[in-house]
């Protein structure tokens, strides 16, 4: 009998262990289910006096529209200056005998910060960059070292007008090389072109959500004919051509800036022709006019124009900004203007408005240092 119990004992122990393990598995599964329920359970909340029908579900919340936020209207500034001349005295003022090179950054170092602060800045380059082989000369047939382009870039200019009465002072080759030198320095030339395709492409710049189109034309090229096989080379003032270009530009940009090289030299008031042409262009889509050639400042003019939608808006004409830098010594030729335009885009109307025009007086300081005449553009009127 005792032997039988001894033999059964191991089997009883094994059976007990099996039963215990089974019980533990059952409790483990039940415990895990309980934990899962706790993890996913969220209390139902209601308002103080609401029935269950008033409960906001996640689906209802997700369907609520976000509040509209009024974005501020973007603004941009455009700055233009008049003629950048390069007379003989200026050319050699920047020459270093030791380095056998030219440097004209001193011309603009005083006004550089004002130029650079504008979103876009433009100047009229009244000389060619035809290369050293063509000989550097001032008036009457201008050709200057490439370093004047470096100085303009350093000063903060972005766009350089190349259509003026001196565009062809070194012929078609000189005009083409001028374009190429400017492009190499990251400057955008307007008014002269390397091809018909390039001439048909409107220069567009976009800043702060406002797009600008730039057009430029000259009254002539001092009697030097434009090559017959290169009619695109220089933009001449032609009403039909300009109006067509403005129409094209309006379809591509918010603002259309037109530069005109016209007017009577040394006359301090605009002529009837200047007024007539400027008014025509503003009435047909130009946003504002900037101009030079008289080499003296002429007073600007505000003009109200009724748009196609019936709205009357203000536009501006800077008839002559005078000389920005030159060696001229005729009365009033040592003074110029930096004209700064401030524009604002009404996002609701999708329309740009000219909100302010500031005319900043400048003058050319001429002085001798180290045995050479120096030239520096300074703020204000020329001291008397």
TODO: Can you pull a Stokes-Einstein diffusion coefficient for the stretch 78-157 at 25 °C (0.890 mPa s), Rh from Kirkwood over Cα pairs, as a whole number of µm²/s?
DONE: 187 µm²/s
Open item on the list: Can you compute the equivalent ellipsoid semi-axes for the stretch 217-335, i.e. the square root of 5 times each eigenvalue of the Cα gyration tensor, sorted largest first and rounded to whole Å?
Closed with: 26, 21, 11
- [ ] Rounded to the nearest Å, what's the spacing between the alpha carbon centres of the stretch 68-141 and the stretch 351-382? Just the number, please.
- [x] 12 Å
TODO: Would you mind ranking 219, 375, 316 so that the residue whose beta carbon has the fewest other beta carbons within 10 Å leads the list?
DONE: 219, 316, 375
Task: Debye-sum result for the stretch 221-272 in log10 I(q)/I(0), which assumes one identical scatterer on each alpha carbon, at q = 0.23, 0.25 Å⁻¹ - done: -1.04, -1.07
Open item on the list: Just to be sure I follow: if Rg is taken over the C-alpha atoms of the stretch 76-379 and Rh is the Kirkwood radius over the same atoms, what is Rg/Rh?
Closed with: 0.95
Task: Highest average packing first - 73-86, 199-212, Cβ atoms within 10 Å - done: 73-86, 199-212
- [ ] Would you compute, for the Cα atoms of the stretch 73-216, the largest minus smallest coordinate along each principal axis and list the three values in descending order, in whole Å?
- [x] 52, 38, 23
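Every read-out reported here was derived from the displayed coordinates using simple, explicitly stated rules and does not represent laboratory data. As the structure is a computational prediction, the values presented were derived from the model and not from experiment. Cβ sites come from the backbone with ideal geometry, for glycine too, and all protein chains shown count toward neighbours.
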